[in-house]
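Notes for the one structure printed next.
The values are calculated or read from the model by the stated rules, or taken from the named source; none is laboratory data. Everything numeric in this text was worked out from a predicted model, so none of it was measured. Using ideal geometry, Cβ is built from the backbone for each residue, glycine included, and neighbour counts are taken over all protein chains shown. Note: areas computed on protein heavy atoms with side chains; ligands, DNA, RNA excluded. Shrake-Rupley method; radii C 1.70, N 1.55, O 1.52, S 1.80 Å.
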Amino acid sequence: MALRSQVGPSYCIRSKNIKCMVDCSFVSNIGNRMDASKMKDTRVNFPSLPLKATRTMQRLHLGSSSVQYKRGHRVIVAAGPPTEDAVIDTEPLTKENLVAYLASGCKTKEKWRIGTEHEKFGFEIKTLRPMKYEQIADLLNGIAERFDWEKILEGDNIIGLKQGKQSVSLEPGGQFELSGAPLETLHQTCAEVNSHLYQVKAVTEEMGIGFLGIGFQPKWGLKDIPIMPKGRYEIMRNYMPKVGSLGLDMMFRTCTVQVNLDFSSEVDMIRKFRAGLALQPIATALFANSPFTEGKPNGYLSMRSQIWTDTDNNRAGMLPFVFDDSFGFEQYVDYALDVPMYFVYRNKKYIDCSGLSFRDFMSGKLSPIPGELPTLNDWENHLTTIFPEVRLKRYLEMRGADGGPWRRLCALPAFWVGILYDEVSLQSVLDIIADWTPEERQMLRNKVPKSGLKTPFRDGLLRHVAEEVVKLAKDGLERRGFRESGFLNEVAEVVRTGVTPAEKLLEMYHGKWGQSVDPVFEELLY
């Protein structure tokens, strides 16, 4: 059964609802770190929203940008950096405002872009030990000074870089992340990755530092991982052990690669969200690349994926409600409102609100800051603390893949762009998954981290579904007309052989590596 009609109330597909008229420069807000001061306004009509959502003049100052709600239902949306203070001038936010925020991501197909984010482990080449913060600070300063990046500071500590619509940031254990710019083609994406790696290597080769492309730290324990001086991570570090047994491993010992993609309407978002969730276990299997923990095989092909099953189930998982007939922007807002908070950012400080409700915040009942009301910046911050397999902001994030070497950094966006940005391939995928049950989707999510493409599914193996899906991705890329299908070669080889990257690493571990993980630092060195 096709999914074209299985949608709830729409916010941006028909004239009686939302008309999306999005400026070309306002694209995917990749990594939630855009330079808002350089963006043009984005204008969206909301004729069907309740008057209370748009009446009077409500102005929210978000760093250097603003959001205005005016009489006549004309809205200008331009989100500021998520860690800037926000001050509300007039009326409090409503749920309709939060729905409208997500709907403002709608854009016409010619304005769809591709944003790729990838993380990697830095290590000392002589000792294989993780980079210390002091070394990371030297690296960030070196890149900034040599290649003209703007430095991002928290207090006196450098914690990231920014250049145009790209940014570099630090994950909790010093994992080095590039959040790429919104780009039109996979050729541009791969060029961006190569440019970033060139700049990183130009500085690190003088420091005796290398970077490893893998999904889970293969050698070192939690006690060996440095802690980055970022306030939000301290709050998370204290909260994680209360809600799962593997949250600290997620924070300090995992690396991922993800792609962020656009949608044209609420219906388009729903179709892409459903396809992305159902196929996420296939992406996890194809990119499985984390079979080692503290020097030994851990029994999984994707330990990174397994860790998310017991990190914090209030904010992770397969989101079965996305497949309900009533699903849409509003239902995702309802879900996000009930995901426990981590923090509120005020006066350049993180206030611990872990476990508390954003719904209470909307009513001024947040106990650490009683009487204070949230802004859209707080909402934007909160959305970044939700970690399902596919995440909705004003774009969709595909989150199920392990970090890996550079060729796979180009292959992941190729896989998802070929499926989700081509109407024929997308509908074919929706037809394939239409009769998958919630239990089957969850079964794949549970078993794939261990058995990969060999996971039994119906009358065969997941590999057989993956072969069909990769073919659809290739066809979709060819129809795009940019000669991008070559970026799928890495993935095509995995489905042809049925051997995941993790299984290749295990074969070398038990063979020529002599049951040592040390050679992986050379094998997967950027």
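Considering only residues that are among the polar types (S, T, N, Q) and surrounded by 17 or more Cβ atoms within 10 Å (Cβ to Cβ), which ones fall in segment 126-162?
Our first condition is that a residue be among the polar types (S, T, N, Q); within segment 126-162, this holds for 127, 135, 141, 157.
Once the filter is applied, which keeps residues that are among the polar types (S, T, N, Q) and surrounded by 17 or more Cβ atoms within 10 Å (Cβ to Cβ), segment 126-162 yields only Gln135.
Just to verify a result, which residue in segment 342-363, among those that are part of a loop (DSSP other than H, G, I, E, B) and over 21 Å from Ala100 (Cα atoms), is nearest to the chain's Cα centre (by Cα)?
Keep residues of segment 342-363 that are part of a loop (DSSP other than H, G, I, E, B), which gives 342, 347-348, 353-357, 363.
Filter once more, keeping what is over 21 Å from Ala100 (Cα atoms): 342, 347-348, 353-356.
Details: Tyr342: 18, Asn347: 27, Lys348: 25, Cys353: 23, Ser354: 21, Gly355: 22, Leu356: 23 Å.
Among residues in segment 342-363 that are part of a loop (DSSP other than H, G, I, E, B) and over 21 Å from Ala100 (Cα atoms), the one nearest to the chain's Cα centre (by Cα) is Tyr342.
Residues in segment 216-230 that are in contact (Cβ under 8 Å) with a residue 24 or more places away in the chain and assigned to a helix (DSSP H, G or I): how many?
Filtering segment 216-230 down to residues in contact (Cβ under 8 Å) with a residue 24 or more places away in the chain leaves 216-222, 224-230.
Then drop every residue that is not assigned to a helix (DSSP H, G or I), which leaves 222, 224.
Summing the residues that are in contact (Cβ under 8 Å) with a residue 24 or more places away in the chain and assigned to a helix (DSSP H, G or I) in segment 216-230 gives 2.
Of the helices (runs of 4 or more DSSP H) entirely within segment 411-516, those holding at least 2 residues that are over 17 Å from Leu277 (Cβ atoms) and either touching a residue at least 40 places away in the same chain (Cβ under 8 Å) or in contact with a strand residue (DSSP E or B) (Cβ under 6 Å, 6 or more places away or on another chain) (or both) occupy 438-451, 462-480, 489-497, 501-510. Among the candidates Gly317, Gly295, the residue that is modelled with pLDDT of 95 or more, open to solvent by less than 30 Å² (accessible area, probe 1.4 Å) and more than 17 Å from the chain's Cα centre (by Cα) is uniquely Gly295.
So is Phe147 among the aromatic types (Phe, Trp, Tyr), touching a Leu at 6+ places or on another chain (Cβ under 8 Å) and at pLDDT 95 or above or not? No, not satisfied.
Considering only segment 458-471, state which residues are buried (at least 21 other Cβ atoms within 10 Å of the Cβ) and out of contact with any Leu (no Cβ under 7 Å at 6 or more places or on another chain). Break it down stepwise before answering.
Our first condition is that a residue be buried (at least 21 other Cβ atoms within 10 Å of the Cβ); within segment 458-471, this holds for 462-463, 465-466, 469-470.
Selection gives Val465 alone.
Selection of first residues in segment 231-250 that are touching a residue at least 60 places away in the same chain (Cβ under 8 Å) and under 10 Å from Ser354 (Cα atoms) and of second residues that are assigned to a helix (DSSP H, G or I) and open to solvent by 20 Å² or more (accessible area, probe 1.4 Å), restricted to Cβ pairs under 6 Å at least 6 apart or on distinct chains, gives the following pairs, ordered by first then second residue: Met240/Leu248.
A count restricted to segment 117-135 and to residues that are in contact with a Leu (Cβ under 9 Å, 6 or more places away or on another chain) and of a type in the set (D, E, K, R) stands at 3. In segment 306-313, the count of residues that are open to solvent by 30 Å² or more (accessible area, probe 1.4 Å), part of a helix (DSSP H, G or I) and hydroxyl-bearing (Ser, Thr, Tyr) is one or more. The residue of segment 425-455 that is nearest to Tyr395 (Cα to Cα), among those that are open to solvent by 70 Å² or more (accessible area, probe 1.4 Å) and touching a Leu at 6+ places or on another chain (Cβ under 8 Å), is Lys450. Candidates are the residues of segment 253-292 that are assigned to a strand (DSSP E or B) and more than 13 Å from the chain's Cα centre (by Cα); the one that is surrounded by the most Cβ atoms within 10 Å (Cβ to Cβ) is Ser290. Restricting segment 493-513 to residues that are among the charged types (D, E, K, R) and open to solvent by 50 Å² or more (accessible area, probe 1.4 Å), the residue that is nearest to His464 (Cα to Cα) is Arg496. Here Glu397 does not qualify as in contact with a Leu (Cβ under 7 Å, 6 or more places away or on another chain) and either in contact (Cβ under 8 Å) with a residue 12 or more places away in the chain or among the small types (Gly, Ala, Ser) (or both). Regarding segment 402-417, can at least one residue be identified that is over 22 Å from Arg304 (Cα atoms) and modelled with pLDDT of 95 or more? Checking segment 402-417: at least one residue is over 22 Å from Arg304 (Cα atoms) and modelled with pLDDT of 95 or more.
Suppose the filter is over 25 Å from Ser290 (Cβ atoms), acidic (Asp, Glu) and open to solvent by 50 Å² or more (accessible area, probe 1.4 Å); does Glu372 pass it? Reasoning before the result, please.
Values: over 25 Å from Ser290 (Cβ atoms): yes; acidic (Asp, Glu): yes; open to solvent by 50 Å² or more (accessible area, probe 1.4 Å): yes.
Taking the combined requirement at face value, the residue satisfies it.
Counting only strands (runs of 3 or more DSSP E) that fall entirely inside segment 147-215 and contain at least 1 residues that are over 30 Å from Glu484 (Cα atoms) and either touching a residue at least 24 places away in the same chain (Cβ under 8 Å) or within 20 Å of the chain's Cα centre (by Cα) (or both), the qualifying elements are 150-154, 157-163, 166-170, 209-212.
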